[in-house]
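Working notes, beginning with the structure itself.
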Amino acid sequence: MGDTTEEQVIAIVAEQAMLSASEVKLDDNPEDMGLDSLALVEIVFSIEETFDVSVPFNANDLASSEFDISSVGKIVEAVKALVAAKG
Amino acid sequence: MTRRVVVTGLGVVSSLGLTRVEHFEGLKEGRSGIGPLTITDADRLSVKIGGYADAFTPEGRFDRSDVSLFDRTTQMAVTAADEAMAEAGVELSEAEAVRSGVVIGTALCGMETVDSAYRTVFQEGKNRVHPFVVPRLMSNAGASQISMRHGLKGPSWTVSTACSSANHAIGQAFHMVKSGASDLMVAGGAEAPLVFGVIKAWEGLRVMSRDNCRPFSKNRSGMVQGEGAAVLVLEEMGRAKARGATIWGEICGFGMSADASDIVTPSQDGAARAINSALTDANMAADEIRYINAHGTATAANDKTECAAIHQVFGPAAPKLSVSSTKSMHGHAIGAAGALEAAACLMAMSESVIPPTINFDEPDPDCNLDITPNEARDADVSAALSNSFAFGGLNAVLAFRKA
């Protein structure tokens with residue numbers, strides 16, 4: 001796993017999508033990558049464990065969730081914000 | 001001759017009340033049994049609400065030896081069964097006892113016992129737990145204790161199919177009486193899952209609401225867990241009538257299906273097949289049904305899929321149905337859910353009141369049915385369905401007819 005937040009998030013997403021990290025692009029979205037609802041929940045769990053943060057994600061309400069998962073890049077940004085907020 | 005199966009006794013424990021009467025009153029008033037949880041370590045939970053039956057305590061209900069043997073799940077199962085048997089007014093001869101059994105649905109096991117024993121060995125570092133941990137926690141404890149208290153010596157077992165457990169239990173008991181394998185069955189469900197470990201596990205799935213249970217409402221935010229038990233006494237109709245028993249309603253059909261698709265995501269096809277199967281088993285046309293007690297968990301996926309399945313089965317008759325999710329009031333009691341909801345169907349038919357879906361704020365175009373928003377409704381309910389669709393895709397639907 002790489003050192004930067006972006007590399008770490010990509011590695012987490014790639015593992016769930018069963019891709020190599022080099023195949024994951026920042027503008028990929030979860031649906032196109034074949035990630036179902038269980039895979040998303042596992043990604044959120046991995047992010048929480050890796051970065052020691054709590055991710056505000058409710059599978060019932062993706063639209064108004066504070067945690068944007070619409071693309072890999074958005075997930076990276078959201079994780080950076082959570083890590084920054086932790087101080 | 002075709003044997004018919006009627007309900008002659010009904011007992012309930014839920015966050016709405018500790019007796020059938022209190023539960024019915026709660027359903028009619030549209031009362032919420034959901035509130036803040038005060039269980040051990042609630043401060044470490046992100047989901048801090050539930051349909052907890054605060055007033056239910058073992059003290060005064062059970063003697064000392066029973067308290068040490070009964071998990072909260074069993075306490076609730078036994079309390080509901082005692083009420084059901086007292087209402088039914090059944091006295092069994094030895095010959096009748098061996099043809100009478102008990103089937104209880106429960107998704108988990110005695111989780112209060114598990115949680116507490118794990119704390120003892122893992123958290124407190126002790127090397128000894130209470131000697132009755134095993135008989136307390138085993139999934140069949142409730143069925144066994146009921147059989148012992150009421151001398152039910154016939155076929156008896158426990159069913160575990162997650163959120164469909166109670167409907168599978170009642171449906172199998174219905175089959176036993178209908179087929180002639182038994183003359184009387186005590187059937188229902190019990191679950192007491194509101195302990196730290198269970199809620200922590202559910203938090204992980206990200207389908208729990210942190211504020212309230214709003215089935216079918218556009219702003220629904222997930223399920224809220226409840227607890228409780230409901231137990232029905234099922235008897236062959238001729239026997240019940242001959243002894244002059246009060247008849248709450250008839251169970252006339254049972255349908256089961258497996259989605260065979262996904263471990264958590266519901267399937268419209270699987271749900272529709274279970275509903276159709278119950279109607280066929282009951283020899284009922286879709287337009288005979290007046291009320292459906294929905295599975296209605298208030299997750300985004302369930303409510304949308306369930307409404308689509310109802311439209312698929314009922315077609316032009318769908319808009320005339322009254323549908324409600326009583327989980328909005330008592331929470332999702334998991335393995336007990338179908339039994340609490342059978343009670344709601346029996347109330348709707350015997351007292352001509354359809355219980356509401358409370359906390360309804362905003363229509364959802366994906367849930368375009370009359371979901372009986374916020375207030376109970378007076379109606380003559382000649383027939384009703386109760387849906388249960390479980391994690392794991394195992395579906396069970398009961399069909400009821402007014403007595």
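The values are calculated or read from the model by the stated rules, or taken from the named source; none is laboratory data. Predicted, not measured: the structure shown is a model, and the values here were computed from it. Here Cβ is always computed from backbone atoms with ideal geometry, including for glycine, and neighbour counts include all displayed protein chains. What goes into the accessible areas is simple: the full protein's heavy atoms, side chains included, and nothing from ligands, DNA or RNA. Shrake-Rupley method; radii C 1.70, N 1.55, O 1.52, S 1.80 Å.
Annotations for the structure displayed:
- Furthest towards positive pole of dipole, B:110, B:78, B:46, structure part segment B:1-117, Cβ charges: B:46
- Sequence-distant aspartates and glutamates (8 or more away, or on other chains) whose Cα lies within less than 15 Å of residue B:304: A:61, B:269, B:362, B:364, B:366, B:370
- Tail weight of P(r) past 12 Å, computed on alpha-carbon pairs of segment B:49-98, percent: 72
- Heavy-atom accessible surface of segment B:253-401, averaged per residue, reaches 30 Å², computed with a 1.4 Å probe.
- Net length gained if the chain between residue B:317 and residue B:157 were fully extended (0.36 nm per residue, minus Cα distance): 53.8 nm
- Over segment B:166-241, volume per residue of the alpha carbon convex hull, in Å³: 136
- Largest mean-square fluctuation among B:148, B:223, B:349, in a Gaussian network model of chain B whose springs join Cα atoms under 10 Å apart, belongs to B:148.
- Using C-alpha pairs under 8 Å with a sequence gap of at least 6, the mean separation divided by the residue count of segment B:231-318 gives a relative contact order of 26 percent.
- Accessible carbon and sulfur surface of chain A relative to its total accessible area, %, 1.4 Å: 49
- Using a Gaussian network model of chain B in which every pair of alpha carbons under 10 angstrom is joined by a spring, one finds that among B:39, B:146, B:49 the greatest mean-square fluctuation is at B:39.
- Scattering curve values for segment B:206-351, log₁₀ I(q)/I(0), Debye with Cα scatterers, q = 0.12, 0.16 Å⁻¹: -0.55, -0.96
- Residue-span extension gain [residue B:218 to residue B:63] - 0.36 nm each, minus C-alpha spacing: 51.1 nm
- Cross-link pairs exceeding 21 Å in C-alpha to C-alpha distance, out of B:48/B:200; B:48/B:327; B:28/B:402; B:28/B:218; B:178/B:402; B:320/B:402, comprise B:28/B:218.
- Size of the B/A contact, given as accessible area buried on both chains, probe 1.4 Å, in Å²: 900
- Length, then width, then depth: along the principal axes, the Cα atoms of chain B run 63, 54, 39 Å.
- Overall, segment B:253-401 carries a charge dipole of about 300 debye about its Cα centre when +1 sits on the Cβ of Lys and Arg and -1 on the Cβ of Asp and Glu, all other atoms neutral.
- Each helix, a run of at least 4 DSSP H residues, gives -39500 (n - 2.57); summed and divided by the residues of chain B, these come to -10000 deg cm²/dmol at 222 nm.
- Among complete DSSP H helices in chain A, those whose alpha-carbon atoms stretch at least 15 Å along the helix's long axis and whose mean Kyte-Doolittle hydropathy reaches 1.0 are A:37-51, A:72-86.
- Look at where the Cα atoms of segment B:196-272 and of segment B:325-397 average out, and the two centres are 9 Å apart.
- Basic side chains Lys and Arg get +1 at the Cβ, acidic Asp and Glu get -1 at the Cβ, and with that the dipole of chain A about its Cα centre reaches some 200 debye.
- Debye, to nearest 20: dipole size of the protein assembly as shown, +1 on Lys, Arg Cβ, -1 on Asp, Glu Cβ: 1740
- Estimated purely from DSSP H runs of n ≥ 4, each contributing -39500 (n - 2.57), the mean residue ellipticity at 222 nm for chain A is -16000 deg cm²/dmol once divided by its residues.
- Based on the convex hull around the alpha carbon atoms, segment B:313-403 presents an average projected area of 6.4 nm².
- Take each residue in A:29-41, count the other chain C-beta atoms within 10 Å of its C-beta, and the mean is 2.
- Translational diffusion of segment B:1-154, µm² s⁻¹ [Kirkwood Rh, Cα pairs; Stokes-Einstein; 37 °C; 0.692 mPa s]: 186
- DSSP-defined beta bridges in chain B - what % are antiparallel, rounded to 5: 70
- Estimated FRET transfer efficiency (residue B:263, residue A:4; beta-carbon r; R0 60 Å; 0.05): 0.95
- For B:55-63, mean number of other protein chain Cβ atoms within 10 Å: 0
- Relative to the current alpha-carbon distance between residue B:239 and residue B:283, full extension at 0.36 nm per residue lengthens the span by 13.6 nm.
- Radius, Kirkwood style, for segment A:5-86 when every pair of distinct Cα atoms is counted (Å): 12.5
- Among the residues of segment B:187-219, those with an accessible-area drop of 30 Å² or more from chain alone to full protein complex, heavy atoms and 1.4 Å probe, are B:205, B:206.
- Cα-based Kirkwood hydrodynamic radius, the protein assembly as shown, one decimal, Å: 23.2
- Relative intensity, log₁₀ I(q)/I(0), of segment B:279-334 from a Debye sum that treats every alpha carbon as a point, q = 0.14, 0.19, 0.24, 0.31 Å⁻¹: -0.41, -0.72, -1.01, -1.25
- Protein heavy-atom surface of segment B:5-242, 1.4 angstrom probe: 54% of the accessible area is carbon and sulfur, with nucleic acids and ligands not counted.
- Placing dummy labels 7 Å off each Cα toward the beta-carbon, the span from residue B:130 to residue B:82 is 1.7 nm.
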